[in-house]
Amino acid sequence: MTTMPFDALACPLDGCPLAPSEKTWRCENGHSFDVARQGYVHLLPVQKKRTLDPGDSKEMVAARQRFLNAGFYTQIAEAVSDLALKALPGGGIGSVLDAGSGEGYYLRHLSAVAGDTGLALIGVDISKWAVLAAAKQDKQTRWVVGSNANLPVLPESLDLVLCLFGFPVYSEFARVLKPGGQVIQVDAGADHLRELREVIYPEVKPPGDFESAAPEGFRQLDSTVVRFPLTLPDQASIADLLAMTPHLYRASAEGLERAAALESLEVTVEATLKRFEKL
C-alpha cells in the first residue's frame, strides 16, 4: 500500500459529505465543485474570501518552491516527518492534513519517508497559486484550496494535523481530528533568521515568551527544537528566503535595500516543534 489522496471531504457551504465523480465533487444538496485540470479542487467559496486572490502570490510561491526544493530546510522536513510517523497509529497508517500546506514540500517529504505505510494525505491552503504548484508536483495527495478557519473535511476524520509556520485554528483542528488525534505545530524560534533580521531592521527586538499553555481541548505531549547554521550562497537564495517570510512586508525600503546588496549570508535556523493531543 502506498500514500493516497484523502477522500473524506465536506461541502464548505453546508458541511455535508462530498462524493467524487470523474471531474466534480458534489454534496447531497446539489453544491458541486469542479476538479481543476491539474487535479486540485477549489473549496473556498467566494462569499468566504476576504480578497479576490487571498494567500501567497504566484511570485511568493515560486520563491518558496525554489528555496525549499534546494534543500535548505531539509532538517526541518526530516524532523517533522519523524515526529509525524511517531504520532500516527499503527506505525504510520492513518490520515494527515497539512493546514497551510503551501506548495506541498513537507507533505511530499512525509510521503517519501513513509513509503508503503498507507497514508491518506491532504494539503489545504488558501492560496490557489500554492495549491496549483503542489498539484503539479504530487498526484498522490489531495490538494484543496480552502481555509484553516473552515477546513473542508468531515468531523473526526483525521489522525494528524500539521501546521507548519502557519496560523493554527485549534477549534477546527479539534473538530476534524479523531479522538486522541494529534497536531504538530512548527513555529519560528527566538533566534530564527536573526542574522537576516539584523540586516533589515534597525533594531532586533528581544525574544518573547515562547512557552504557552496547551490550546483548549488539547494537551501538550512534547516540544523539541531544531537548530542549525545555514549558508545562503548568493543573492537569489537570500531574496527567495526573504520573499517567503513576513519580513518582506515588515521591513523598510532601506532594510530591503541592505538585504539586496548582500552577496551571501550565514543565518541561524531555529524551529520549535510542539505536539498536542486532542482530549
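The values are calculated or read from the model by the stated rules, or taken from the named source; none is laboratory data. Being a predicted model, the structure only gives us computed values, none of them experimental. Cβ sites come from the backbone with ideal geometry, for glycine too, and all protein chains shown count toward neighbours.
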Legend entry - Check on residue 237, under 21 Å from the mean Cα position of the chain (by Cα), among the hydroxyl-bearing types (Ser, Thr, Tyr) and surrounded by 15 or more Cβ atoms within 10 Å (Cβ to Cβ): yes
Legend entry - Subset of region 133-156 [crowded, with 18+ Cβ neighbours inside 10 Å and acidic (Asp, Glu)]: 138
Inset, instruction - Enumerate the pairs (first residue in region 261-279 and under 13 Å from residue 187 (Cβ atoms) and modelled with pLDDT of 95 or more; second residue anywhere and of a type in the set (Gly, Ala, Ser) and not in a strand (DSSP E or B)) with beta-carbon separation below 8 Å, excluding pairs fewer than 6 apart on the same chain, so at least 6 apart or on different chains. - result: 270/189; 270/190; 271/79; 271/189; 272/189; 273/79; 275/87; 276/214
Legend entry - Lone qualifier among 43, 18, 68 - being in contact with a Pro (Cβ under 7 Å, 6 or more places away or on another chain) and surrounded by 14 or more Cβ atoms within 10 Å (Cβ to Cβ): 43
Inset, instruction - Go through region 1-27 and count every residue that is in a loop (DSSP other than H, G, I, E, B) and either under 21 Å from residue 176 (Cβ atoms) or among the polar types (S, T, N, Q) (or both). - result: 14
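Within 21 Å of residue 245 (Cβ to Cβ) and assigned to a helix (DSSP H, G or I), is that true of residue 203?
No.
Table: residues versus (1) modelled with pLDDT under 95; (2) among the acidic types (Asp, Glu).
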position	(1), (2)
22	yes, yes
25	no, no
29	no, no
35	no, no
40	no, no
52	yes, no
55	yes, no
59	yes, yes
69	no, no
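Only one of 216, 257, 266, 203 is in contact with a Pro (Cβ under 7 Å, 6 or more places away or on another chain), loosely packed, with under 13 Cβ neighbours inside 10 Å and among the charged types (D, E, K, R); which?
Of 216, 257, 266, 203, the one residue that is in contact with a Pro (Cβ under 7 Å, 6 or more places away or on another chain), loosely packed, with under 13 Cβ neighbours inside 10 Å and among the charged types (D, E, K, R) is 266.
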Inset, instruction - Taking residue 83 as meeting all but one of (1) part of a loop (DSSP other than H, G, I, E, B); (2) touching a residue at least 40 places away in the same chain (Cβ under 8 Å); (3) farther than 20 Å from residue 147 by Cα, write down the number of the exception. - result: (1)
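Let's see how each residue does on (1) crowded, with 24+ Cβ neighbours inside 10 Å; (2) closer than 28 Å to residue 23 by Cβ; (3) basic (Lys, Arg); (4) modelled with pLDDT of 95 or more:
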site: 77; (1), (2), (3), (4): no, no, no, yes
site: 85; (1), (2), (3), (4): no, no, no, no
site: 109; (1), (2), (3), (4): no, no, no, yes
site: 131; (1), (2), (3), (4): yes, yes, no, yes
site: 158; (1), (2), (3), (4): yes, yes, no, yes
Legend entry - Members of region 214-224 that are charged (D, E, K, R), assigned to a strand (DSSP E or B) and either over 25 Å from residue 74 (Cα atoms) or in contact with a Ser or Thr (Cβ under 7 Å, 6 or more places away or on another chain) (or both): 219
